[in-house]
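The values are calculated or read from the model by the stated rules, or taken from the named source; none is laboratory data. Just so you know, these numbers come straight off a predicted model, no measurement behind them. We place every Cβ from the backbone using ideal geometry, glycine too, and count neighbours over all the protein chains shown. Heads up: the accessible areas ignore ligands, DNA and RNA and are worked out on the full protein's heavy atoms, side chains in. Shrake-Rupley method; radii C 1.70, N 1.55, O 1.52, S 1.80 Å.
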Amino acid sequence: MSIIHNLPYEWLVGLRYTRAGKRSGRNSFISFISLISVSGIALGVAALIVVLSVMNGFQKEVTDRMLSVLAHIEVFDPRGTMPNWQAAMQDALKNPAVKGAAPFVETQGMLLRDGVMRPAVIRGILPAEEHKVSDAARQVRQGSLAALVPGQFNIVMGYALARSLGIGIGDKVTMLLAQAQTTPAGMLPRTRTFTLVGIFEAGHYDYDASFAFVHLEDAQKMERLDAPSGLRLRIADMHAAPAVAQELKASMAGPLRIRDWSEQNATWFAAVQTEKKMMFVVLTLIIAVAAFNLIATLVMTVTEKQADIAILRTLGSSPRSIMKIFMIQGALVGMLGTLAGVGLGVLVALNIDVIVPFIERLLGVQFLPKDIYLISALPSDLRWPDVARIGGVAVLLAFVATLYPSYTASRVKPAEALRYE
């Protein structure tokens, strides 16, 4: 209490006006409007924190599922094949950031079964080495990657792709490649019959519905290659992939083309970032509306307190001090709303995995049906820089909202204000 009493009088008066005493109905109404202003700012801040956390969670979840199939970095030889892939792999592994490497062949084709045809990305891999660069082995739900034996022409495909073709383990499927071959009947696409020996589920529909794995040697025979197309690399920190790719371009010998996972999905990530920015702008308008409400509160307070302002002016207060009183009042309302909103938003964002299932059970609904969205729970990834940015914007808007009412208060003329008192 002694600290409060030692504050400058502008702070003391501003604090008192924030509490707006209960001696009259009008003061009680002003106090109620102040509470509404605090609540509006708090709800806006909390909503913005929760929404951005959920969007961050979805982005992280989708990225993790994408990278369970994709490599962090891919290395290609512009000539189409990489005969010296073992030497290139050793060069790549010299970089301390690279934790795993494996050769691959990738092509596009059509899979045909009983008149049903589906496009697919066919990737030739070494089953024993694939765990070093992807999580494909852990995602196999039926069968195994180990069943990809060279020369037997076996195939492992995504569950959605297998379901659309209507096949199961042990069934045959025909693969058609775009490269044509000359036959007595004319130019026809190359075909080969494969046996389904595994079904995987990455959790990302695009890959579950369009990806298939075969053994590296079988893929080379289908493509008529004498060596793999390139290398797939996994690094310790996927977010450092662009920087590591630049390092590999400088350190690896030969005319190699190197690309990281962000290049392969540049359009998707650009769309997500744009969506996040637009969502931030739209939800900031909620805080702006609360700030306009704060302007109304301060204008009403200035009108109500004109006699008090006149008395303070006659006692020697400067217009600057009067302006400071109402700026303090508005800033306190803004800071209280921001702190309350940050607390509520962080609490909800950290416990959304508990709150959403409770609401679903209470209302008897499911917000994210798994058969449609593949993700049955709302993911949340709270990032403190986002929280700091949101809090800063809220406090700034609240401060800006105090300028006009405070300036109006500083222009009150004592004689006119006290004329009818």
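A few comments on the model shown:
- Take the Cα of A307, step 7 Å toward its Cβ, do the same at R383, and the gap between the two points is 5.5 nm.
- Inter-label distance for S39 and R361, nm, one decimal - labels placed 7 Å from Cα along Cα-to-Cβ: 2.9 nm
- Cα gyration tensor category, rounded, prolate or oblate, for the chain with a/c compared to 1.5: prolate
- The Cα center of region 113-159 and the Cα center of region 182-260 differ in position by 12 Å.
- The chain - share of DSSP beta bridges that are antiparallel (%, nearest 5): 80 percent
- Computed per residue of the chain from DSSP H runs no shorter than four, each worth -39500 (n - 2.57), the mean residue ellipticity at 222 nm is -17500 deg cm²/dmol.
- Residues of region 140-163 with an amide N closer than 15 Å to a point placed 7 Å from the Cα of D171 along the Cα-to-Cβ direction: 142-143, 155-163.
- Taking all protein chains into account, the per residue accessible area for region 38-94 stands at 36 Å² (1.4 Å probe).
- Distances between placed amide hydrogens fall under 5 Å for G100 paired with R234, all partners being 5 or more residues away or on another chain.
- Sorting L148, L362, L312 by solvent-accessible area of protein heavy atoms yields L362, L312, L148, largest first, with a 1.4 Å probe.
- For region 294-401, the Kirkwood hydrodynamic radius comes to 17.6 Å, computed from all pairs of different C-alpha atoms.
- Spin-label model distance (nm) - L403 vs E201, 7 Å beyond Cα toward Cβ: 5.6 nm
- Whole-percent carbon and sulfur share, accessible surface of the chain, 1.4 Å: 62 percent
- Considering only S210, S318, S406, the Gaussian network model of the chain with Cα springs below 10 Å gives its largest mean-square fluctuation to S318.
- Rounded to the nearest 10 Å², the accessible area of R313 at probe 1.4 Å: 70 Å²
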